[in-house]
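Here's the structure, in structure tokens; my notes come after.
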Amino acid sequence: MSQQPVTAAGTPEAEDVAPASARSGRPLTIGQVCKLLGGEFPEISISKIRYLEDQKLLHPRRTSGGYRLFGSDDVERLRTILRLQRDEFLPLRVIRQELAAGRGQEPRVVAEDAPEEPPAQRGTTSVALRTPSAGLRTLEQLCEETRATPQLVRELRDYGIVQGRDQAGAIVFDDDEREVVRAAVELARYGVGGRHLRVLRSSADREAALLEQLLGPALRSRNPERRAEAVDALETLAATTTRLKHLLLIRDLRRLVA
């Protein structure tokens with residue numbers, strides 16, 4: 001008699017195990033969570049879940065044998081994280097703040113007479129340009145936090161993807177550059193190196209130059225109100241152009257799988 005494949009926790013991995021366990025309220029193994037959410041998030045993987053746990057975004061309990069078990073709250077938290085990444089393109093540090101503020105725990109309540117969100121902002125990326133990047137770290141600390149190799153960081157610096165800044169004779173990196181390196185580490189798993197990322201850097205430079213051309217004079221105004229309005233417009237434009245770029249990319253990629 002043939003045996004069913006077994007998960008690390010020792011339970012059969014039949015196609016209906018994850019949904020059945022979820023309906024019963026029993027904890028799920030990491031493999032079952034991947035099966036449960038795979039339809040909604042095709043990019044999900046065991047390694048990605050482990051990475052999110054390493055980043056302190058997930059806290060599944062462990063069995064005496066060290067296996068992860070995910071309750072319904074853990075699964076919903078993971079679903080929220082994946083949605084914020086996919087739909088709003090938020091970096092992990094911002095997602096961590098959103099979760100700490102209670103996002104995804106309770107349904108959003110909108111008053112009946114509340115104005116509808118403007119179409120131009122619906123579904124766009126949240127861009128907080130007023131919040132400065134902080135938290136400087138050395139190369140060693142950067143590699144420890146992102147799991148990047150020093151060679152990868154040097155390559156990213158050589159191609160202008162990250163720059164760092166000199167502080168007391170040492171090169172340090174801020175939060176924004178840390179998130180860039182984290183993304184580069186993820187891409188490196190697919191063979192994407194610093195030289196491949198030059199096209200993304202060039203695209204970002206051109207977009208920044210376009211927005212500066214549109215709003216530069218207002219951003220440099222001595223009138224505080226005019227500057228504040230310009231920053232609002234800049235955040236909206238940045239979010240909208242990012243969303244448009246994402247939609248154009250998805251449109252082109254669909255041709256590969258058609």
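The values are calculated or read from the model by the stated rules, or taken from the named source; none is laboratory data. This one's a predicted model, so the numbers in the text were calculated from it and none came from an experiment. Cβ coordinates were reconstructed from backbone atoms using ideal geometry, including for glycine residues, and neighbour counts include every protein chain displayed. These area figures cover heavy atoms from the full protein model, side chains too; ligands, DNA and RNA do not enter into them. Shrake-Rupley method; radii C 1.70, N 1.55, O 1.52, S 1.80 Å.
Per residue, what volume in Å³ does the convex hull of the Cα atoms of the range 48-100 enclose?
Working: hull volume 3.8 nm³, N = 53.
Residue-normalised Cα hull volume stands at 72 Å³.
Sort Tyr190, Tyr159 from largest to smallest accessible area, using a 1.4 Å probe on the heavy atoms of the protein chains.
On the way: Tyr190 175, Tyr159 85 Å².
Largest accessible area first, the residues go Tyr190, Tyr159.
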Full-stretch length increase - Leu211, Glu40 - with 0.36 nm per residue and alpha-carbon distance subtracted: 58.1 nm
Exposure ranking of Arg77, Arg68 by accessible area [1.4 Å probe, largest first]: Arg77, Arg68
Between Thr241 and Tyr190, the two model label points (7 Å from Cα along the beta-carbon direction) sit apart by a distance in nm of 2.4 nm
Enumerate the lysines that Lys35 could reach by cross-link, defined here as Cα to Cα under 28 Å, with residues fewer than 8 away along the same chain left out. Lys48, Lys56
Bounding extents of the range 169-258 in its principal axis frame from Cα atoms, largest first in Å, are 49, 48, 17
